[in-house]
1. Out of the residues in segment 228-256 meeting the condition of being among the small types (Gly, Ala, Ser) and in a loop (DSSP other than H, G, I, E, B), tell me which one is farthest from ASP299 (Cα to Cα).
2. Report, ordered by the first and then the second residue, all pairs with beta carbons closer than 8 Å, sequence separation of six or more or different chains, a first member in segment 286-309 that is within 21 Å of ASP200 (Cβ to Cβ), and a second member that is of a type in the set (S, T, N, Q) and outside any helix (DSSP H, G or I).
3. When THR95 is evaluated against the numbered criteria (1) surrounded by fewer than 13 Cβ atoms within 10 Å (Cβ to Cβ); (2) of a type in the set (Ser, Thr, Tyr); (3) not in a loop (DSSP other than H, G, I, E, B), which criterion, by number, is the only one it fails?
4. Could you tell me which residue of segment 1-51 is modelled with the lowest pLDDT, considering only residues that are of a type in the set (S, T, N, Q) and part of a helix (DSSP H, G or I)?
5. From the list ILE160, ILE166, which one is farther than 23 Å from ALA45 by Cα, free of Cβ contacts under 8 Å to residues at least 60 places away in the same chain and not in a loop (DSSP other than H, G, I, E, B)?
6. Within segment 191-217, count every residue that is among the small types (Gly, Ala, Ser), free of Cβ contacts under 8 Å to residues at least 40 places away in the same chain and in contact with a Leu (Cβ under 8 Å, 6 or more places away or on another chain).
7. When you look at GLY36, is it touching a residue at least 12 places away in the same chain (Cβ under 8 Å) and on the phi > 0 side of the Ramachandran plot, yes or no?
8. Considering only residues that are basic (Lys, Arg) and over 18 Å from CYS215 (Cα atoms), which ones fall in segment 263-290?
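The values are calculated or read from the model by the stated rules, or taken from the named source; none is laboratory data. None of the values given here were measured: they were computed from a predicted structure. Cβ: placed from backbone, ideal geometry, glycine included. Neighbour counts: every protein chain shown.
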Amino acid sequence: MYDISGLFPANESSTVSVERGVAELRAGRPVVLVEGAQKILVYPAEQLDAHAADVLDRIGGARLILTMQRLGRLGVERDGPGLIALQKIDIERITALILDEDARIDAPVQKAVPGEEAALDLLRLAHLLPAAILIKLEAPVAGLNEVAGCDIRAFRARKITSLRLIGRAPVPLEGAPHSEIAVFRGGEGLRDQAAVIVGDPDLSGPVHVRLHSACLTGDLFGSLKCDCGDQLRHTAKFMAENGGGVILYLDQEGRGNGLANKVRAYGLQAKGHDTYDADEILGFGLDQRRFGYAARMLDLLGVTRVRLMTNNPKKIEALRAAGLEVSDQRIQGRPTPQNIHYLATKRDRAGHFLDVDVPPSAEN
């Protein structure tokens, strides 16, 4: 037998087990979460079909874990995730409990313990709905990936330290022809991150920086529901005309919830819910994004002093907490009849620095 353990840096095996768990869950396959002596089978609730329900029913002892946000929407206030016992894996009932905007709780809710909460963290990393079927295992299960709860909890911090620059090349952009793109391997999940270096920023002083969360609908297709595309293009042009800067293009679609959940939230917004209520109905908190690895990207680029182009106070706080010297420069996209309520909601519910007036027709 060949020993290849030397190929893996210290702690790398624990990171690999989490990444494998993320890939398995996204493929609709269960994983085994290990917490001390306990082993828990985790199956993503949104992937449930008749075959999976039959197999899980035969094992028995299934419970559905939901976030406190989703439980609140179901009419049960909790300060953390909770569990609902499932006598039978009823797909229609489970679908209602995880997705129906008008559903109400129909069974007692038990408090989740840290090992069970780790299952929700793994689902978030996989950009799946934060709801899972959990079964405590009394016997081994062959062929399933095992991941330790402690490794899930340490995953993000380990990914920050392992972040590395893969390559960079000149890429002229409209409005910013003297630009370069650098790609970093790492961040959350299995995704790469990118930085756009506009012009020749002076790294000895404060550098104009934008942390831009990827927005397929706004950045690429010009969606009128948000201001993301406007902010991205305005920032690149501004930097090109004002001494350069760095745009970190972060794979954090839908405030970290993923593209599929963002589109689900759009469906709820079309029914009259605001952007944060829509996310809460799906079980998400106000904002799932983390910016620690953005600070690491700046460090690798040699940026230590930042003039942050943003309207989001959380981004300013995150970079300061990472040890960067941060001042801010407010930036705002173009208000439209379609996004004016969205902008006002970000201002009123998340404290964004936005100067918008909401006309009466847009208040509902």
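1. Of the residues in segment 228-256, the ones among the small types (Gly, Ala, Ser) are 229, 236, 240, 243-245, 254, 256.
Within this subset, residues satisfying the condition of being in a loop (DSSP other than H, G, I, E, B) are 243-244, 254, 256.
On the way: GLY243: 20, GLY244: 17, GLY254: 26, GLY256: 22 Å.
Going through the qualifying residues, I end up with GLY254.
2. If the second residue must be of a type in the set (S, T, N, Q) and outside any helix (DSSP H, G or I), the pairs left are MET297/GLN193; LEU298/THR304; VAL306/SER327; ARG307/SER327; ARG307/GLN329; LEU308/SER327; LEU308/GLN329; MET309/GLN329.
3. Of everything listed in (1) surrounded by fewer than 13 Cβ atoms within 10 Å (Cβ to Cβ); (2) of a type in the set (Ser, Thr, Tyr); (3) not in a loop (DSSP other than H, G, I, E, B), THR95 misses just condition (1).
4. The residue in question is SER5.
5. Just one listed residue meets the conditions, ILE166.
6. The number of residues fulfilling the criteria is 1.
7. Criteria met by GLY36.
8. Once the filter is applied, which keeps residues that are basic (Lys, Arg) and over 18 Å from CYS215 (Cα atoms), segment 263-290 yields only LYS271.
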